[in-house]
Amino acid sequence: MPATTKTTSQLLFNGILSENPIFRLALSMCPAVGITTTVMNGLLLGVAVLFVQVFSGCTIAAIKNHIHPRIRIPTYTLTIATWVTVIDLILAAYLPDAYKQMGIFVKLIVAFAIITMRLETFACKNTVKSSFWDGLGMGLGFLLGMMTLGFVRELLGMGTLFGYDVLGVRPLLFFVLPAAGFFCVGFMMAIFNYVELAYNRSKTAKQS
Amino acid sequence: MKTTTVKNVLVCVLALLGLLLLSGCGQEHPFVQKTAFKDTSSIVIKFAGPVDEGRAKDISNYTVYEKPDPDIKLKISQVELSPDKRTLTLTFERELNQKQPHMISIKEINSEGRSLGSAFVSVKKLYLGYLFSVLIGAMLINNFVFSKYLGLCVFFGTSQKKSTAVGMGITFTIVMVFSAMMAWFLYQFVLKPYRLDFLQIVVFIGLVSLSVQAVDTILRKLNPVLFKAFGVYLVLVIANCIIIAVPLTLAANEYNAMESLMLALGAGVGFLIALFLMASVRERLELANVPPTYRGLPIAFVVAGLFALAFLGFSGMSIF
């Protein structure tokens, strides 16, 4: 496959909208369900994933000509693992409280399908620069997805945003329960589907 | 054909289990035969031979603490030696929290004039029962899919049919046990002694990919029939975050070999149970009249949410 011809902004928005990792590709669901109880958690893990995505994408794009095709996947895994170790140690050192709340999920970034997938389909064929923008787009898409979920769950569950009291009441405490993460993601996907169906319907109606 | 392959796998797993059970239960010091809790506030230590009365009765020779808090030493009020000088009873000032394993260090044991060095032994209540509770804990109470929300990509991907669910579950369990035991070994004997804990993630993920590759190669040569049945799922195993979460958990909690084995087995079987439950529901959903916006993944997520609520009922349960 030849290198991509897309412009920088196309690469960036590709990850945020048309190939949003959480709602469109349905990859890396574990953290989306597990820790999006507050916006802050979603934001922090999103930043961690963004970091790993961008840096491992750039690393692979830089050394792509020296990787033997047969040991491609192990190379990707080890690259990701290295960058995950870096962000894991940084978070543990500078934000110990938030790190404790996120628990094992920071370390588990290493097993996220989305990062390996982008390395396999994009970074190993493109230049460092376009990989950087692609990683940034994908990471931002993930970050926004996480924050949306966190926003809904924190607002409905605790009536707060970023820890500040907004509503003054707790409308549905149920949404703080971890199990509600499944419902939230399910409903969110249903909304995305609904918009898509409605859009397609109006398009066909116009054509006919 | 299929049932025999499943049986083969079961026999393999049981044999492995038995082997580890036999090797894993030794005490830490050759001269200390048995340690156990007695009543609410005593610990009994049995020695292989008679010990010297003078040294054994000196309270300052013993330090006892609960395994999670090495800094809080428990106060001993009395030391008794049985007439045959083989059984020692330590009585404590306060009641012991028998749910926690306790560590005892004994300075300089002397037996019939010979010095046998210091001993460092642990006391646990009902060791097998404790192991069982680790197993059930990983399987149901803290089910990795429904209570810890891990491994969801593979969970939603392979829970469409019961047969796929069972195949994936069994393959996953085998690889899980395999790689968790290797991870435990590497962590305890390489990473920890050389202070390389920060390389955990890199080492464990490498280990997992290696063991998937190893199982793939071994199975292909050894049992082509089995490979045909389960080979396709092997690639998916590595994309499952449970397989990396278990080594990290057992490293963080400092589990010993048996506990690690039970955790890995519980995680695998728990994943199998979750997959099977989900597959049964999704086979039914095929026939149901689901609104078009909910078809496919959204409804699967709602079902998983209901399961998670049901599994919430297990939380806080403790066995033994």
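A few remarks follow.
- Residue count for segment A:156-201, restricted to those that are loosely packed, with under 12 Cβ neighbours inside 10 Å and basic (K, R): 1.
Rundown of residues vs (1) surrounded by fewer than 22 Cβ atoms within 10 Å (Cβ to Cβ); (2) more than 30 Å from A:G186 (Cα to Cα); (3) under 27 Å from the mean Cα position of the chain (by Cα); (4) in the same structural domain as B:V303 (by TED's automatic domain parsing), yes/no style:
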{"position": "B:N143", "(1), (2), (3), (4)": "no, no, yes, yes"}
{"position": "B:L150", "(1), (2), (3), (4)": "no, no, yes, yes"}
{"position": "B:K161", "(1), (2), (3), (4)": "yes, no, no, yes"}
{"position": "B:V166", "(1), (2), (3), (4)": "yes, no, yes, yes"}
{"position": "B:M176", "(1), (2), (3), (4)": "no, no, yes, yes"}
{"position": "B:W184", "(1), (2), (3), (4)": "no, yes, yes, yes"}
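- Selection from segment B:62-105 of residues that are more than 11 Å from B:S42 (Cα to Cα), part of a strand (DSSP E or B) and among the hydrophobic types (A, V, I, L, M, F, W, C): B:V64, B:L81, B:M103, B:I104
- Considered as a group, the residues in segment A:17-45 that are modelled with pLDDT under 75 and open to solvent by 30 Å² or more (accessible area, probe 1.4 Å) include one that is farthest from the chain's Cα centre (by Cα), and that residue is A:S18.
- Residue match in segment A:106-115 (condition: crowded, with 23+ Cβ neighbours inside 10 Å, without any contact (Cβ under 8 Å) to a residue 24 or more places away in the chain and within 9 Å of chain B (Cβ to nearest Cβ)): yes
- Members of segment A:22-49 found to be outside any helix (DSSP H, G or I) and over 19 Å from A:T77 (Cα atoms), listed by number: A:I22, A:F23, A:R24, A:L25, A:A26, A:I35, A:T36, A:T37, A:T38
- Residue match in segment A:50-72 (condition: facing chain B (nearest Cβ under 10 Å), out of contact with any His (no Cβ under 8 Å at 6 or more places or on another chain), part of a loop (DSSP other than H, G, I, E, B) and not β-branched (V, I, T)): no
- When A:Q207 is tested against (1) touching a residue at least 24 places away in the same chain (Cβ under 8 Å); (2) more than 17 Å from B:V303 (Cα to Cα), only condition (1) is not met.
- Long-range neighbours under 9 Å by Cβ, at least six apart or interchain, first residue basic (K, R) within segment A:163-182, second in a helix (DSSP H, G or I) and crowded, with 20+ Cβ neighbours inside 10 Å: A:R170/A:G157; A:R170/A:M158
Condition check ((1) at the interface with chain B (Cβ under 8 Å from one of its Cβ atoms); (2) not charged (D, E, K, R)) across all residues:
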residue	(1), (2)
A:M147	no, yes
A:Y164	no, yes
A:V169	no, yes
A:L172	no, yes
A:P178	yes, yes
A:C184	no, yes
A:A190	yes, yes
A:N200	no, yes
A:K203	no, no
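- Of all the residues in segment A:89-105, those that are assigned to a helix (DSSP H, G or I), open to solvent by 10 Å² or more (accessible area, probe 1.4 Å) and in contact (Cβ under 8 Å) with a residue 40 or more places away in the chain number 5.
- With respect to the stated conditions, B:T249 is touching a residue at least 12 places away in the same chain (Cβ under 8 Å), within 14 Å of chain A (Cβ to nearest Cβ) and in a helix (DSSP H, G or I).
- Conditions (1) outside the structural domain of B:A257 (by TED's automatic domain parsing); (2) touching a residue at least 40 places away in the same chain (Cβ under 8 Å); (3) not charged (D, E, K, R); number of the one not met by B:M103: (2)
- From the list B:I273, B:I299, B:I244, the lone residue that is facing another protein chain (nearest Cβ under 10 Å), under 23 Å from A:I104 (Cβ atoms) and of a type outside the set (D, E, K, R) is B:I244.
- Residue pairs meeting the criteria (Cβ under 7 Å; at least 6 apart or on separate chains; first at pLDDT 90 or above, in segment A:62-86; second part of a helix (DSSP H, G or I) and open to solvent by 60 Å² or more (accessible area, probe 1.4 Å)): A:W83/A:F55; A:T85/B:F198
- Qualifying residue in segment B:76-97 (condition: within 23 Å of the chain's Cα centre (by Cα) and at pLDDT below 75): yes
- Every condition in (1) out of contact with any Lys or Arg (no Cβ under 9 Å at 6 or more places or on another chain); (2) closer than 22 Å to B:F307 by Cβ; (3) at pLDDT 85 or above; (4) buried (at least 17 other Cβ atoms within 10 Å of the Cβ) is met by B:A245 except one, and the failing one is (1).
- Helices (runs of 4 or more DSSP H) wholly inside segment B:116-214 containing at least 1 residues that are closer than 30 Å to B:V44 by Cβ and free of Cβ contacts under 8 Å to residues at least 24 places away in the same chain: B:127-136
- Residue in segment B:200-213 that is more than 10 Å from chain A (Cβ to nearest Cβ) and open to solvent by 40 Å² or more (accessible area, probe 1.4 Å) present: no
The values are calculated or read from the model by the stated rules, or taken from the named source; none is laboratory data. Just so it is clear, the structure is predicted and the values come from calculations on it, not from any experiment. With ideal geometry, Cβ positions are generated from the backbone for all residues, glycine too; neighbour counts draw on all protein chains shown. Side chains are part of the model used for accessible areas, which takes the heavy atoms of the whole protein and leaves out ligands, DNA and RNA. Shrake-Rupley method; radii C 1.70, N 1.55, O 1.52, S 1.80 Å.
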